[in-house]
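The values are calculated or read from the model by the stated rules, or taken from the named source; none is laboratory data. Only a predicted model underlies this, so the values are computations on that prediction, with no experimental measurement involved. Because the Cβ atoms are built from the backbone with ideal geometry, glycine has one as well, and the counts that use them run over all protein chains shown.
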Amino acid sequence: MWECQECGKENRDDRIDCFHCGTAKSGVPLSVNNALDDVRQVTEQPMLPVSPPSHFQDASSISIVNNNMPLSKILFSFKGRISRGTYWVVQVSMIMLGFILGMVIGSLMTIGKGNQDGETAGIIGIIFFILIAIISFWVGLAVGVKRWHDLDVSGWAVLTMIPYIGPIALGCIKGTTGPNKYGPDPL
């Protein structure tokens, strides 16, 4: 700690100027245009490191793109609303995950082709493929329904989407502003 020569208040050793009056550590006043002047007017408390928000402490409640909804609810629930940003993060993540898992499954299915181990690996690959397809289908429906809810439309409208064009349009249309019958505004 060091004491300011101008105001007599104590400051941390890592500061180059007085937190309270802005005088440099050597005693020479800093420029009035110093960016720290605005900060000093807002608070008289020393600036301390900020801990992360509480929703980052527990992995089960990680939120995506300014959405106050746990990841599990975003991916598997048909209730509530999600923003366009959340919709696109989930869609792009699912495409990337599908590509990576497809490569892994394809590798499993070609290992030892023609022998007993290859047949076992192929069967395991097919089982993984079916499980991933079911989970991906469910997640796609869940985020689609929540996007329709954001547009103040029943989630059943997800069944009317034209393949490839519908999901892209759904991710581009702005949702209703403010709360609607499906929940608060996700933004």
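In summary, G125 fulfils each of the numbered conditions (1) closer than 30 Å to L187 by Cβ; (2) surrounded by 14 or more Cβ atoms within 10 Å (Cβ to Cβ) with the single exception of condition (1).
For segment 68-95, enumerate the residues that are assigned to a helix (DSSP H, G or I), within 12 Å of G175 (Cβ to Cβ) and either touching a His at 6+ places or on another chain (Cβ under 8 Å) or of a type in the set (D, E, K, R) (or both). Write out each step before concluding.
Going residue by residue through segment 68-95, those that are assigned to a helix (DSSP H, G or I) are 71-76, 84-95.
Retained after the next criterion (residues that are within 12 Å of G175 (Cβ to Cβ)): 84-87.
Listed by number, the list holds a single entry, R84.
Yes or no: F56 closer than 30 Å to V145 by Cβ and modelled with pLDDT under 50? Answer is yes for this residue.
Can you name every residue in segment 136-187 that is free of Cβ contacts under 8 Å to residues at least 24 places away in the same chain and under 18 Å from S77 (Cα atoms)? Result: F137, W148, V153, S154, W156, A157, V158, L159.
From the list G80, G8, which one is at pLDDT 80 or above, over 19 Å from the mean Cα position of the chain (by Cα) and not β-branched (V, I, T)?
Working: G80 fails: over 19 Å from the mean Cα position of the chain (by Cα).
Step by step, each of G80, G8 is checked, and only G8 is at pLDDT 80 or above, over 19 Å from the mean Cα position of the chain (by Cα) and not β-branched (V, I, T).
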